[in-house]
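Asker: One structure, as structure tokens, below. Some questions next.
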Amino acid sequence: MPFLPSLPEEAHLSDLFRRFPDHVRPLMAYTDSLLRGPGELPIGARELIASFVSGLNACHFCHHSHRIYAETFGIDGALIDALIDGIDTAPVATELRPLLHYVKKLNTLPSRMVPADAEAVYAAGWSERALYEAVSIAGLFNMMNRIVEGCGINFDYTAHPEQHPAADRDPARQAHSYGHFGDRTLGEETGGD
């Protein structure tokens, strides 16, 4: 049950954003830029990090929503589950392991980050830009997970996968997923991609 009485019993993030629309557009523009814009990390890897961080935070809504996006961009959903169980035992590309270890440590022990954590990422072949993208995604989803959990958003995409914006699994239609979500939420539907 949501913690805000004005939300419906099965509350979706769009219900919260319609109730408090002031910051939706800039938040969705930032999210589109970070997760869909040009970057060193492939879009699938960015969505994997979003789902992974949300899983670490036990944010059911964000974990499953971004798992669907990750799958849309070629990531096996079972891989995300395996990462939650253990990065070193998950069937993930070797070069992603240090980046995911960095994100996990940042997520749980941010004040304990040390230069060696970043050096392991660089030794795996990633640039400063890639690390910054991963850090930014982790930061965004820590914020989003707390908004979702703090307001009691309880919509379940595992029960309603057909209602996800990427239900058709067509990556070409997801170029500006978050901006379109914000527009639809605010009742200003755009043409879309």
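Values quoted throughout were computed directly from the atomic coordinates according to the rules given, and no laboratory measurement underlies them. Model, not experiment: these values are computed from the prediction. Heads up, the Cβs are rebuilt from the backbone with ideal geometry, glycines too, and the neighbour counts pull from every protein chain shown.
Asker: Taking Leu41 as the residue in question, decide whether it is closer than 14 Å to Leu96 by Cα, among the hydrophobic types (A, V, I, L, M, F, W, C), touching a helix residue (DSSP H, G or I) at 6+ places or on another chain (Cβ under 9 Å) and not in a helix (DSSP H, G or I).
Answerer: Yes; evaluated as a whole, the condition is true for this residue.
Asker: Going through the range 150-193 one residue at a time, which ones are part of a helix (DSSP H, G or I), of a type in the set (D, E, K, R) and either within 14 Å of the chain's Cα centre (by Cα) or farther than 22 Å from Gly77 by Cα (or both)?
Answerer: The answer is Asp183, Arg184.
Asker: Continuing with the same structure: Could you look through the range 1-38, keep only residues that are in a helix (DSSP H, G or I) and of a type in the set (Phe, Trp, Tyr), and pick out the one that is farthest from Ser177 (Cα to Cα)?
Answerer: So, considering only residues that are in a helix (DSSP H, G or I) and of a type in the set (Phe, Trp, Tyr), the one farthest from Ser177 (Cα to Cα) is Phe17.
Asker: Give the residue that is farthest from Arg25 (Cα to Cα), with candidates limited to residues of the range 134-193 that are among the polar types (S, T, N, Q) and in contact (Cβ under 8 Å) with a residue 12 or more places away in the chain.
Answerer: Selected residue: Thr158.
Asker: State the number of residues belonging to the range 91-134 that are part of a helix (DSSP H, G or I) and among the small types (Gly, Ala, Ser).
Answerer: Total satisfying the criteria: 7.
Asker: Further question on the same structure: When only residues in the range 60-85 that are charged (D, E, K, R) and part of a helix (DSSP H, G or I) count, which is surrounded by the most Cβ atoms within 10 Å (Cβ to Cβ)?
Answerer: Top of the filtered list is Arg67.
Asker: Among the residues of the range 44-59, count how many are part of a loop (DSSP other than H, G, I, E, B) and hydroxyl-bearing (Ser, Thr, Tyr).
Answerer: 0
Asker: I've got another one for you. Can you confirm whether Leu96 is farther than 13 Å from Leu56 by Cα, of a type in the set (A, V, I, L, M) and under 21 Å from the mean Cα position of the chain (by Cα)?
Answerer: yes
Asker: Looking at (1) assigned to a loop (DSSP other than H, G, I, E, B); (2) among the acidic types (Asp, Glu); (3) under 25 Å from Ser33 (Cα atoms), find the lone condition where Asp88 falls short.
Answerer: Every condition holds for Asp88 apart from (3).
Asker: Looking only at residues that are surrounded by fewer than 24 Cβ atoms within 10 Å (Cβ to Cβ) and either of a type in the set (Asp, Glu) or more than 23 Å from Arg129 (Cβ to Cβ) (or both) in the range 39-55, which one is farthest from the chain's Cα centre (by Cα)?
Answerer: It comes out as Glu40.
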